[in-house]
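**Q** Mind looking over this structure? Questions follow.
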Amino acid sequence: LLGQVDTEQLGETAEPEVKVVDLTILSPDRPDLVLPIPFVADEKGYAFALKDGSTYSFRFSFIVSNNIVSGLKYTNTVWKTGVRVENQKMMLGT
């Protein structure tokens with residue numbers, strides 16, 4: 001996509017840069033929860049909490065600059081009372 005552009009002359013690198021803007025938690029049981037990145041934890045150290053057995057999905061908003069990004073992944077770790085109960089690694093796309 002960059003063709004014959006000399007990125008050094010422009011003061012940029014050809015390395016891709018991904019900036020995650022926010023994360024939205026979508027759950028039918030509650031209004032959408034938009035968390036800016038970086039998270040701001042509450043007084044207990046949590047960014048958010050969901051009831052046990054809740055159905056939820058994530059929506060990521062991010063900006064990619066400088067080049068194509070391939071293999072973008074995220075890791076979702078679920079903790080319950082201080083014990084890790086689930087750990088998933090998912091591909092976001094290219």
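The values are calculated or read from the model by the stated rules, or taken from the named source; none is laboratory data. All figures in this text were calculated on a predicted structure; none of them were measured in a lab. So basically every Cβ, Gly included, is an ideal-geometry build from the backbone, and we count neighbours across all protein chains shown. Heavy atoms of the whole protein, side chains included, go into the accessibility calculation; ligands, DNA and RNA do not. Shrake-Rupley method; radii C 1.70, N 1.55, O 1.52, S 1.80 Å.
**Q** Hey, can you tell me all the residues within the range 48-93 that are touching a residue at least 60 places away in the same chain (Cβ under 8 Å) and open to solvent by 100 Å² or more (accessible area, probe 1.4 Å)? Walk me through it before giving the result.
**A** At the first step, the residues of the range 48-93 found to be touching a residue at least 60 places away in the same chain (Cβ under 8 Å) are 67-68.
Answer for the range 48-93, where residues must be touching a residue at least 60 places away in the same chain (Cβ under 8 Å) and open to solvent by 100 Å² or more (accessible area, probe 1.4 Å): just Ile68.
**Q** On to the next question. Out of all the residues in the range 19-47, which are open to solvent by less than 50 Å² (accessible area, probe 1.4 Å) and either farther than 25 Å from Ile63 by Cα or not in a strand (DSSP E or B) (or both)?
**A** Residues of the range 19-47 that are open to solvent by less than 50 Å² (accessible area, probe 1.4 Å), as a first pass: 22-27, 33, 35, 47.
Within the range 19-47, Ala47 is the sole residue that qualifies.
**Q** Just for the range 24-68: of the residues that are under 17 Å from Glu86 (Cβ atoms) and among the aliphatic types (A, V, I, L, M), which one is modelled with the highest pLDDT?
**A** Selected residue: Ile25.
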